Amino acid sequence: MEATKSMIIDSIFENLDIKNLPSSCTSNTIKIADFGCSVGPNTFLAIQCIIEAIHLKLEKTLHDDQNPKKALEFQVFFNDQNDNDFNTLFTTLPTPKDYFAAGVPGSFHSRIFPTATLHIAHSSCALNWLSRVPKAVVDKKSPIWNKGRVHYTGNVKVLEAYSDQFKRDMEVFFKARAQEIVGGGLMLLLVPGCEDGVLPCDTLVSMQFELFGSCLMDMVKMVRTKK
Ligand SMILES: C[S@@+](CC[C@H](N)C(=O)[O-])C[C@H]1O[C@@H](n2cnc3c(N)ncnc32)[C@H](O)[C@@H]1O
């Protein structure tokens, strides 16, 4: 989160037209949602960063235009899957905090907010979680069956299957958010990836997952041998 702070601040400064956001003109409430928030503390840091950036931008705008100061209020919606540990999230909410907090359970691969109600949609390291394992990868008859592996990035066809699923999921995500975010609103999406030309199997994180995967498979084998 520390590493992405400047990206969030720059993005809000460059792209958010606070004065012309539709609902904020009437209610003075900026509504922010964090999609795939988990239990914190990253989500709290991200939200704080967003709110501070908006305050800074507003100060700058007011200074430039000499407008009377508007007392902004913030409402923050913490979203994650239904089985997320929202209790831990709520009991560790920062105090004091300068926003109203609410939990919103449900998959971000569907509509979870009413039409045109959000000003900022944030998501960090969550969109890479797919809605399902691609069918072909778990079908024993398929040429790209992953042979029971937990993590596998060494086969281009397997990569393509995941990539196709990612494209489908992102389309669903964007369609839902397009209806939920007000015109002039902003999406801040942080998605882990690798540089063009670098194969995922050559990245450190992939090697770590490969290792975790093989450990898990060994543990399963050990249990089976004992039985
Ligand atoms: C790696 S954590 C990221 C947490 C936090 N945003 C951060 O940056 O540290 C990914 C989170 O996304 C959530 N997630 C995955 N798929 C989701 C979905 N379809 N809808 C909502 N949340 C989802 C997971 O439950 C998990 O809590």
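The values are calculated or read from the model by the stated rules, or taken from the named source; none is laboratory data. Fair warning: this is a prediction, and the values are worked out from it, not measured in the lab. Counting neighbours? That spans all protein chains shown, and the Cβs are built from the backbone with ideal geometry, glycine included. Calculation scope for accessible area: heavy atoms of the full protein, side chains included, ligands and nucleic acids excluded. Shrake-Rupley method; radii C 1.70, N 1.55, O 1.52, S 1.80 Å.
If you sort CYS201, CYS37 by accessible surface, 1.4 Å probe, largest first, the order is CYS201, CYS37.
Compute the relative contact order of the chain as a whole-number percentage, counting only Cα pairs closer than 8 Å that sit 6 or more residues apart in sequence. The value is 24 percent.
Orientation-averaged projection of segment 183-227 equals 6.1 nm² [convex hull of Cα atoms, one quarter of hull surface area]. For the chain, the solvent-accessible area of protein heavy atoms averages 60 Å² per residue (probe radius 1.4 Å; ligands and nucleic acids excluded). Each peptide in 115-122, 182-189 gets a packing score, the mean of other Cβ atoms within 10 Å over its residues, and the list from highest to lowest is 115-122, 182-189. In the context of the full protein assembly, TYR152 retains an accessible surface of approximately 60 Å², using a probe radius of 1.4 Å and ignoring ligands and nucleic acids. Within the chain, all pairs of alpha-carbon atoms sorted by distance into 10 Å bins from zero give the percentages 7, 26, 30, 21, 11, 4, 1, 0.
Carbon-plus-sulfur accessible fraction, the chain (probe radius 1.4 Å, protein heavy atoms only): 59%.
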